[in-house]
1. Could you list 151, 98 so that the one with the fewest beta carbons within 10 Å of its beta carbon is first and the one with the most is last?
2. Sort 84, 201, 59 by Cβ crowding within 10 Å, fewest neighbours at the top.
3. Count charges around residue 112 for me, please; just the other residues with Cβ under 12 Å from its Cβ, Lys/Arg as +1, Asp/Glu as -1.
4. Among 131, 77, 109, which one moves the most in a GNM of the chain with springs linking Cα atoms closer than 10 Å?
5. For residue 35, enumerate residues with amide H under 5 Å from its amide H, sequence gap 5+ or separate chain, H modeled in the peptide plane.
6. Please label the shape of region 98-139 as rounded, prolate or oblate, based on the square roots a ≥ b ≥ c of the eigenvalues of the alpha-carbon gyration tensor (a/c under 1.5 means rounded; beyond that, a/b larger than b/c means prolate, else oblate).
7. Quick one: grab the alpha carbon gyration tensor of region 12-269, order the square roots of its eigenvalues as a ≥ b ≥ c, and give me rounded if a/c is under 1.5, else prolate or oblate depending on whether a/b is larger than b/c.
8. For residue 34 and residue 157, what does the FRET efficiency come to when R0 = 35 Å and r is the distance between their Cβ atoms, rounded to the nearest 0.05?
Amino acid sequence: MTHAPTKVLTRRRVLPIGENGSLWAARPSFGIFEFRGRKLRIGVSDPSEVLFPTDCGLSLVAALDGEHALDLDGVHALDVGCGSGLYTVALLAAGAAHVTALDINAASAPETRSNVELNGLDTGRLSCVTADLAQYTPPRRFDLVVTNPPHLPHDPSYATDNGLETALVAGRNGRALYDAVVARMDDLLAPGGRLIMAHSSLADVPRTIADLEMRGYEWRTLEVCEMDIPLLAYAEHKETMLGILEAQRAVGSAEFEGERFSVHALEFRRPVDATL
């Protein structure tokens, strides 16, 4: 196979220490971001049910808005774990022909549709689906899959039964959705299609790369963004969560320093000659 030409870091963005939501002018339940010259709005009605986008999620938007401005015009895209619709809105604004917004959280569908409408975008180019990725049957293979999986480790002491848990926590090692994405990618992505992923250094970046390389995917790093671990919602259980992460770091499956970690904006491309 032919590997993508760039596998090393092309850019590293370091966010200020201790700044909550430093990629937003403010971070309550409404914000404005710019993508490809257009100011776009995102709001959520209940941040405990649908997470307002964090720096982790917004870093991928930033990575796709500079030197790595991939051609999005006319693509059919799948937004896995769409949440409030951040990526769906950005993709539609950049000219995507159609975006399917998928999330296991039923509250995400109305929030995503609301944000598409808020930005004056055509809801006829949008499909909202509430489903577990493992059981999802796509109507077609997509040109582009975009995702920012939850990446924090689960523990009974701080487990909740709300949308915040769905958006941030994914199994004991934080890899549940990463593994599901890898397992389903051949079903979801057309030959020659791309997976764009915001990958937390807390959830074993090398493992995901190795798993997709074994499937023949080319890959490259678009950008790495360093920021604070999102512990605000888990302040009472901070030490428990950090203890789990430290154990994962000891076996080589997490990388962080103190309370700082990094998000790798990764692009994977399925071979054009892949078997359908």
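The numbers here are math on the coordinates, done by the rules we state, and not lab data. Values in this document were obtained by computation on a predicted structure and should not be read as measured data. Glycine also receives a Cβ, built like all others from the backbone with ideal geometry; neighbour counts cover every protein chain displayed.
1. Fewest to most other Cβ atoms nearby, the residues stand as 98, 151.
2. 201, 59, 84
3. That sum, taken over residues with Cβ under 12 Å, equals -3.
4. 131
5. It is 40, by chain and number.
6. It comes out oblate by the Cα gyration axes.
7. Rounded shape, in that the Cα axes give a/c under 1.5.
8. It comes to 0.35.
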